[in-house]
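Data first, discussion second: the structure below is written as structure tokens.
What follows draws every value from the coordinates through simple rules; no lab data is involved. The shown structure was predicted, so the numbers you read here are calculated from the model rather than taken from an experiment. Neighbour counts run over all protein chains shown; Cβ positions are idealised from the backbone, glycine included.
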């Protein structure tokens, strides 16, 4: 069985990057990445006044997550346009595999 990972990092600190490993499939990794990105955007939303300002804040100060099969830019645009309506949408920790958390890239 091939396990999948998500590459995460901090736009504000290019030296800060890690891999979350151990997802059983590409879709599980992409689900984690989607929730991770949404959580970052929702955390920044209260500090911004417009969609454009939120986009700029995310790409400057937010943390990213890249997974195979996920169109990162399209998902960021969607999250900015459509705020989260349920806690589960931002609960990426619930999807973390038990092993392989947070290995530095």
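For the chain, the longest principal axis of the Cα atoms and the long axis of helix 51-61 meet at an angle of about 50 degrees. Relative to the longest principal axis of the Cα atoms of the chain, the long axis of helix 26-45 lies at roughly 30 degrees.
Helix-only arithmetic for the chain: the sum of -39500 (n - 2.57) across DSSP H runs with n ≥ 4, divided by the residue total, places the mean residue ellipticity at 222 nm at -12500 deg cm²/dmol. In this simple spin-label approximation, residue 46 and residue 27 carry label points 7 Å from Cα along the Cα→Cβ vector, and these lie 3.5 nm apart.
Sorting 70, 54 from the fewest to the most surrounding beta carbons within 10 angstrom yields 70, 54. Relative contact order, whole percent, for the chain stands at 40, derived from Cα pairs under 8 Å and 6 or more residues apart. Seen against the Cα atoms of the chain and their longest principal axis, helix 72-81 is set at about 40 degrees.
Can you put 41, 19 in order of Cβ neighbours within 10 angstrom, beginning with the fewest?
Starting with the residue having the fewest Cβ neighbours, the order is 19, 41.
As a calculated quantity, the FRET efficiency between residue 13 and residue 85 at R0 = 35 Å, using C-beta atoms, amounts to about 0.70.
This structure gives percent of Cα pairs over 21 Å apart, computed directly, and of [x] 27; [y] 31; [z] 75 that value is listed as [y]. Semi-axes of the equivalent ellipsoid of segment 1-54 are 27, 14, 6 Å, computed as sqrt(5λ) over the eigenvalues of the C-alpha gyration tensor in descending order.
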